[in-house]
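Take a look at the structure below.
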Amino acid sequence: MIIGIIPARYGSTRYPGKPLIDIKGKTMIQRVYEQASKAKCLTDVIVATDDARILEHVESFGGKAVMTHPDHPSGTDRCWEAIQAPWPPMGEQLTPPPSGEAGRGLYIINIQGDEPFVAPEQIDELGTMLDGSVELASQMIPVTDAELLFDIGEAKVIINEQFEAIYFSRQVIPYLKGIDPQEWHKNHTYYRQVGMYAYRADILEKITRLPVSPLEKAESLEQLRWLQNGFKIKMGLTTYESHCIDTPEDVEKVLHFIQ
């Protein structure tokens, strides 16, 4: 079973209330929900929010939503609280809440609440990786130009032969000795992380109990906490880009790109 959870926090620092902004006649959260609902791999789609306005709006268009604590530090923590709700919208199949060995047969895909045009096919790509043995999973895309490679807003990832993440960094890794940095992407296959996270439920329970790690604090990347504590993150190749809306200006940029 794979459940899609869309964390939707009202009080965004850079764009307060953005789940409810209008994008061509529909709110952003409705667009995310409708796109996610088209994914064939998902048993259900649920919005996990901290605000009654978002919950009521989701229910008004026929979606499922659950209230969660307002002070979660990340969407990962909000996902864990959401799947513990022993009442609808989760339904009887998740009562009692999955924990320990009982959580090995359930996966949660954390679908970004600020990507109104997320492709259902991208969700399904991630879903095909979740075979019961995978603890955590995400996606990556090759870097094709130097500007993107050196953008510290993009998390780069290096992998082993099993397509498991070795390390994530905002800096370029690896360093290519003796080659002009502007030519690095032409001499080595670099990857950047895109898309979503998938968690096996028993692993999600464990990682939400971990304290912030030194590597996570250094790079401000929560996935480094998981790696530093010995968990494995399977990486899958995708051709789908992530188009997030973090500021009001991003709305027009995303619409222009999609059109």
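Only one entry of Val172, Val212 meets the criterion of being aliphatic (A, V, I, L, M) and out of contact with any Leu (no Cβ under 6 Å at 6 or more places or on another chain), and that entry is Val212.
Under the condition of being at pLDDT below 95 and not in a strand (DSSP E or B), the residues counted in segment 189-202 number 2. Can you tell me which residue in segment 218-259 is modelled with the lowest pLDDT, limited to those that are exposed (fewer than 12 other Cβ atoms within 10 Å of the Cβ) and in a helix (DSSP H, G or I)? Once the filter is applied, the top-ranked residue is Ile258. When Ala198 is tested against (1) without any contact (Cβ under 8 Å) to a residue 40 or more places away in the chain; (2) surrounded by 12 or more Cβ atoms within 10 Å (Cβ to Cβ), only condition (1) is not met. For segment 17-31, filtered to residues that are assigned to a helix (DSSP H, G or I) and among the basic types (Lys, Arg), the residue that is nearest to Pro70 (Cα to Cα) is Lys18.
Within segment 122-139, the residues that satisfy the criterion of being surrounded by 16 or more Cβ atoms within 10 Å (Cβ to Cβ) and either within 19 Å of Glu216 (Cβ to Cβ) or polar (S, T, N, Q) (or both) are Gln122, Glu135, Leu136, Ala137, Ser138, Gln139.
Results for (1) of a type outside the set (Phe, Trp, Tyr); (2) part of a loop (DSSP other than H, G, I, E, B); (3) touching a residue at least 40 places away in the same chain (Cβ under 8 Å), shown as yes or no for each residue.
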position	(1), (2), (3)
Gly4	yes, no, yes
Tyr15	no, yes, yes
Tyr33	no, no, no
Leu42	yes, yes, yes
Ile54	yes, no, yes
Gly63	yes, yes, no
Pro70	yes, yes, yes
Arg78	yes, no, yes
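Just one of the numbered conditions (1) of a type in the set (Phe, Trp, Tyr); (2) more than 16 Å from the chain's Cα centre (by Cα); (3) part of a loop (DSSP other than H, G, I, E, B) is not true of Trp184: (3).
The values are calculated or read from the model by the stated rules, or taken from the named source; none is laboratory data. Only a predicted model underlies this, so the values are computations on that prediction, with no experimental measurement involved. Note that each Cβ is placed from the backbone with ideal geometry, even for glycine, and that neighbours are counted across all protein chains shown.
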